[in-house]
1. Considering only DSSP states other than H, G, I, E and B, which GluC sites (Glu not before Pro) in the stretch 104-174 qualify as loop sites with at most 14 other Cβ atoms within 10 Å?
2. I want to check the label-to-label distance for Ala108 and Asp129. Put each point 7 Å from Cα in the C-beta direction and report it in nm to one decimal.
3. Taking Lys179 as the anchor, which aspartates and glutamates have their alpha carbon closer than 18 Å to its alpha carbon, excluding any fewer than eight residues away along the same chain?
4. To the nearest 20 Debye, how big is the dipole of the stretch 26-111 about its Cα centre, given +1 on the beta carbon of each Lys and Arg and -1 on that of each Asp and Glu?
5. In whole Å, what is the distance between the alpha-carbon centres of the stretch 135-167 and the stretch 28-64?
6. Order 146-158, 65-77 from most to least packed using the mean count of other Cβ atoms within 10 Å.
7. Please sort 110-118, 159-167, 29-37 by packing, taking for each peptide the average over its residues of neighbouring beta carbons within 10 angstrom, highest first.
8. Let me check something: with ligands and nucleic acids excluded, how do Lys100, Lys43, Lys61 order by accessible area (1.4 Å probe), largest to smallest?
Amino acid sequence: MKKSIIIALTALASLFIHAGASGTADKGEFALVRISAANMRSKPGHSQELASQVVLGTPVKIIVQEGDWCKVQSPEGYTGWIIDNSLQKISESEFSRWKKAERLVMTAPYQIRLYTDSLTDCLRNTVTDLVNGCIVEGEAIPAGNRVKVSLPDGRCGWGDAASFTPIVEWADQEFDAEKILTLAYSMEGQTY
């Protein structure tokens, strides 16, 4: 079991770093999730069964589009339908640039907010929220206690520097079941 978890996490990390490296992409064949957590439905429609969720910055392959819904495949192989306004469709050159970009993973256990500048924490200046696992572009170079990041749709914001880990560092970490348990226990009693 432990070995299969390690293999699965390694494969997932590899997909996040090198997603799409072996294929070519036409405009719209790939997309990045542009909201903190996008619902993946079993069929097109908001009332359909929730099959999975994918977080901001996750690359997905678009299989087909029907109206406002895209059937996508996530890096871990799940397929389902996501409303297209939750996705930022990207061309082959945009996807290639994204794969080479400096990226950060939001690793704080709880949701954080990105703000319009490095000093404010006023709710009116919120750009978006981020949850654990969201992938953004940026360098881990803080300005004070914050770091500037950009989102798949081009918006930029400032977030708590301690909440981010460079994606290469995150993907190369040793498997540690205790870290998973510590994170899980830290959320005990929280509403899911």
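The values are calculated or read from the model by the stated rules, or taken from the named source; none is laboratory data. The shown structure was predicted, so the numbers you read here are calculated from the model rather than taken from an experiment. Using ideal geometry, Cβ is built from the backbone for each residue, glycine included, and neighbour counts are taken over all protein chains shown. We work out accessible area using only protein heavy atoms, side chains counted, and drop any ligands, DNA or RNA first. Shrake-Rupley method; radii C 1.70, N 1.55, O 1.52, S 1.80 Å.
1. Counting only loop positions with at most 14 other Cβ atoms within 10 Å, the GluC sites (Glu not before Pro) in the stretch 104-174 are Glu139, Glu174.
2. Each label point is offset 7 Å from its Cα along the Cβ direction, giving 1.2 nm.
3. Straight-distance partners of Lys179: Glu169, Glu188.
4. Values: 11 positive and 10 negative charges, 35 e Å.
That gives the stretch 26-111 a dipole magnitude of about 180 debye.
5. 23
6. Numbers: 146-158: 19.2, 65-77: 16.5.
Top to bottom by mean Cβ count within 10 Å: 146-158, 65-77.
7. Values: 110-118: 16.9, 159-167: 19.3, 29-37: 21.4.
Highest mean packing first, the order is 29-37, 159-167, 110-118.
8. Numbers: Lys100 165, Lys43 120, Lys61 80 Å².
Listed by decreasing accessible area, they come as Lys100, Lys43, Lys61.
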